[in-house]
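Worksheet: one structure, shown below.
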Amino acid sequence: LSYSFLFVLLTFSLVMLINRRLLSEIAFQEEKYFKVFHESPNVIMLTRLVDAKILEVNQSFEVLTGFLASEAIGRSSFSLNLWENEESRYQIISALKEKGTLRKVESAFRIRNGNLVDCSISADIILIEGEEFILITVEDISAFKKLLNELMNSAEELKHLNATKDKLFSIIAHDLRGPFANIINLSELLKDQIQSKEYEGIDEYANLIQTSTQKVTGLLSNLLEWSQLKTGKMNFCRTPTNLHDLLIEVVDLLK
């Protein structure tokens, strides 16, 4: 009897030891997955496939959406109006049923104040006690999208500035060459007449040189103002302009 009692006691102790170790391992695994679930920087939701009822959410869900876990659990994602529209969820569900998994699908996620947040959604269908659930991970990419838009705008602005620079160089090469050539030619004629002591008409050449120089100066000033305008460095100020005088000036330049 003593031997049988000791044998039963030893067996019971061994079973208790094994159970204690199993319970400790289960508790460790539960704590590990609990921390992974709730401390993830991305939103994690567990919803029922058939009616979108929310069974569990993590802390990041509360941070992003503004809904407390207690307000979300037990309600459907439709009643919380989390999706941009019902069609968005149906498209994701259809693709999920077809492929069994989704990775980084861009969609809009509506938060508590009604604003839409650009998100990247990953999802998997899992079975719990024979029922299908969706494990959804939502990553907020609104900051990334904003940065991407800023980069695209900067690239477009840089492209515009390069085009402006090329046009400016083209204008300088084309429009300044003619007036400077006129000044050089008139200066040579004036020099030749002075050297040959033929003073008749030199006042006309001097006036033409002065006029051409003024035109070049005005053109350079216009080019500088135009470049400032194209690069956004010029302040806009409305002032009256005499259109007739401006047209006469342009006609004289072309003459």
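List of remarks:
- Residue pairs whose Cβ atoms lie under 7 Å apart, separated by 6 or more positions or on different chains, with the first residue in the stretch 178-191 and touching a residue at least 40 places away in the same chain (Cβ under 8 Å) and the second of a type in the set (D, E, K, R) and open to solvent by 30 Å² or more (accessible area, probe 1.4 Å), are PRO179/LYS215.
- Among residues of the stretch 160-218, those that are over 49 Å from the mean Cα position of the chain (by Cα), among the hydrophobic types (A, V, I, L, M, F, W, C) and open to solvent by 60 Å² or more (accessible area, probe 1.4 Å), counted: 4
- Apart from one condition, ALA143 fits all of (1) surrounded by 14 or more Cβ atoms within 10 Å (Cβ to Cβ); (2) within 25 Å of the chain's Cα centre (by Cα); the exception is (1).
- In the set (1) within 16 Å of THR137 (Cα to Cα); (2) modelled with pLDDT of 80 or more, SER40 fails one condition alone, (2).
- Test: residue in the stretch 49-64 that is surrounded by 14 or more Cβ atoms within 10 Å (Cβ to Cβ), more than 27 Å from the chain's Cα centre (by Cα) and closer than 18 Å to ASP118 by Cα: no
- Residue pairs whose Cβ atoms lie under 7 Å apart, sitting 6 or more positions apart in sequence or on different chains, and linking a residue in the stretch 222-245 that is farther than 15 Å from GLU157 by Cβ to a partner that is assigned to a helix (DSSP H, G or I) and open to solvent by 80 Å² or more (accessible area, probe 1.4 Å), are MET234/GLU225.
- Residue list for the stretch 114-123, filter: open to solvent by 70 Å² or more (accessible area, probe 1.4 Å) and in a strand (DSSP E or B): LEU116
- The selection criterion, being out of contact with any His (no Cβ under 7 Å at 6 or more places or on another chain) and in a helix (DSSP H, G or I), does not hold for ARG103.
- Filtering the stretch 219-249 to residues that are more than 33 Å from the chain's Cα centre (by Cα) and open to solvent by less than 70 Å² (accessible area, probe 1.4 Å) leaves LEU219, SER221, LEU223.
Listed here are the residues, each with its yes/no results for (1) small (Gly, Ala, Ser); (2) assigned to a helix (DSSP H, G or I).
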site: TYR90; (1), (2): no, yes
site: SER107; (1), (2): yes, no
site: ARG112; (1), (2): no, no
site: ILE125; (1), (2): no, no
site: LYS145; (1), (2): no, yes
site: GLU150; (1), (2): no, yes
site: ALA163; (1), (2): yes, yes
site: LYS167; (1), (2): no, yes
site: SER170; (1), (2): yes, yes
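The values are calculated or read from the model by the stated rules, or taken from the named source; none is laboratory data. Predicted, not measured: the structure shown is a model, and the values here were computed from it. Because the Cβ atoms are built from the backbone with ideal geometry, glycine has one as well, and the counts that use them run over all protein chains shown. Please note that ligands, DNA and RNA were not included when accessible areas were found on the heavy atoms of the full protein model with its side chains. Shrake-Rupley method; radii C 1.70, N 1.55, O 1.52, S 1.80 Å.
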